[in-house]
Amino acid sequence: MSPERGRHLVVPREAGGARLDRFLADALGVSRTELQRWIAAGRVTVEGAVRTASGHVREGERVAVEPMGPATTAARPEEGVAFAVLYVDDDVVVVDKPAGLVVHPARGHAGGTLVNGLLALGLFRAEDAGDERPGIVHRLDKGTSGVMVVARTPEAREKLKAQFQAHSIERAYRALVVGEAAEATHDTLYGRHPRDRMRFTTRVRSGKRAVTHVRVLDRLPGATHVECTLQTGRTHQIRVHLAESGTPVLGDPVYGKPPKDTHLRAVGERLGHQALHARVLGFLHPTTGRLVRFEVEPPADFGKAMRALIDPEAV
């Protein structure tokens, strides 16, 4: 849609009760992310008044839209950011993110992120998304390695976001945890920690639902090798569910603590980050609708830590 051309719409009966951004996305064919930017800038009014993106429209209301020019990302291309590209087409790029790499610029990480590296490779256009997170539809923590998908177009981003919000994405992780983990499904409420707002917890009276399925792969001396399958995908979800069930991820600097066992502690310190790896990612391709699935085995340092747990003389 041309930024010079305003649009005037009347909410039809079938759209009554819809969120403003969703109504406009359906009516104009513009991504919700872009529409939210227009709404926040005051370029959308309902009956002459500014309304929030999450506000609901009613049948017969008149909506005026003044489109804005394309957003540009504040992130800049940076060569030398290390990650592996597993797959790329016109709509998506799938990468294997190493532990230690931050996904997008944020406070304390102005550069050197996955987004900066993708921009340097030309794998998506900066003008296709705003702010400092172009194309990002999900994240892995800095200390977590593994497979991620990034959208190359606004349309792909919206369709992938919808799948993540519907919890229809297949996601499986491998982890080394301290102690004897049990096979279990953790189905809990989930929210920010009441005293430390940088952390999350299941010990809340109200919150969102979080579901993690844990399967034991190997029993190790003082530790367990597990597979965790996400039914929901809350921030830090696997780390919190494992820690609050008594078996924190080895090396987790936030939800774990140094093991009493000196060998376990040494293995975690040598690893230098939480022993958590996103191994499987499956989703419907945003354009073809075909199921695509990617698997990435844990990195060398994960394997080295596991061998050290099995046999201290092996490393």
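The values are calculated or read from the model by the stated rules, or taken from the named source; none is laboratory data. Only a predicted model underlies this, so the values are computations on that prediction, with no experimental measurement involved. FYI the Cβ positions are ideal-geometry reconstructions off the backbone, even for glycines, and counts take in every protein chain you see. Heavy atoms of the whole protein, side chains included, go into the accessibility calculation; ligands, DNA and RNA do not. Shrake-Rupley method; radii C 1.70, N 1.55, O 1.52, S 1.80 Å.
So Arg234 ticks every box in (1) among the basic types (Lys, Arg); (2) within 22 Å of the chain's Cα centre (by Cα); (3) not in a loop (DSSP other than H, G, I, E, B) but one. Which box is left unticked?
Here Arg234 clears every test but (3).
Residues to consider are Leu271, Leu276, Leu291; find the one that is under 11 Å from Gly143 (Cβ atoms) and without any contact (Cβ under 8 Å) to a residue 60 or more places away in the chain. I'd like the intermediate steps shown before the answer.
On the way: Leu276 fails: without any contact (Cβ under 8 Å) to a residue 60 or more places away in the chain; Leu291 fails: under 11 Å from Gly143 (Cβ atoms).
Just one listed residue meets the conditions, Leu271.
Of all residues in segment 269-292, which are open to solvent by 40 Å² or more (accessible area, probe 1.4 Å) and in a helix (DSSP H, G or I)? Working first, answer last.
From segment 269-292, those open to solvent by 40 Å² or more (accessible area, probe 1.4 Å) are 269-270, 272, 284, 287-291; that's our starting set.
Scanning segment 269-292 gives Glu269, Arg270.
Restricting to segment 23-43, count the residues that are at pLDDT 90 or above and open to solvent by 80 Å² or more (accessible area, probe 1.4 Å).
1
I need a count of the residues in segment 56-75 that are surrounded by 14 or more Cβ atoms within 10 Å (Cβ to Cβ) and of a type outside the set (A, V, I, L, M, F, W, C).
Residues meeting the conditions: 7.
Residues checked against (1) charged (D, E, K, R); (2) assigned to a helix (DSSP H, G or I):
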| site | (1), (2) |
| --- | --- |
| Leu9 | no, no |
| Phe23 | no, yes |
| Asp26 | yes, yes |
| Val30 | no, no |
| Thr33 | no, yes |
| Gly42 | no, no |
| Ala53 | no, no |
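Taking the conditions exactly as written (under 20 Å from Arg139 (Cβ atoms), open to solvent by less than 60 Å² (accessible area, probe 1.4 Å) and either modelled with pLDDT of 95 or more or not charged (D, E, K, R) (or both)), does Leu264 satisfy them or not? Steps first, please.
Working: under 20 Å from Arg139 (Cβ atoms): no; open to solvent by less than 60 Å² (accessible area, probe 1.4 Å): yes; either modelled with pLDDT of 95 or more or not charged (D, E, K, R) (or both): yes.
Considered against the rule, which asks whether it is under 20 Å from Arg139 (Cβ atoms), open to solvent by less than 60 Å² (accessible area, probe 1.4 Å) and either modelled with pLDDT of 95 or more or not charged (D, E, K, R) (or both), Leu264 comes out as no.
Tell me, please, whether a residue that is of a type outside the set (Lys, Arg), out of contact with any Leu (no Cβ under 8 Å at 6 or more places or on another chain) and surrounded by 15 or more Cβ atoms within 10 Å (Cβ to Cβ) can be found in segment 202-209. Even if it seems obvious, please write down each step before you answer.
Narrowing segment 202-209 to residues of a type outside the set (Lys, Arg): 202, 204, 206-207.
Filter again for out of contact with any Leu (no Cβ under 8 Å at 6 or more places or on another chain), leaving none.
Scanning segment 202-209, I find no residue that is of a type outside the set (Lys, Arg), out of contact with any Leu (no Cβ under 8 Å at 6 or more places or on another chain) and surrounded by 15 or more Cβ atoms within 10 Å (Cβ to Cβ), so the answer is no.
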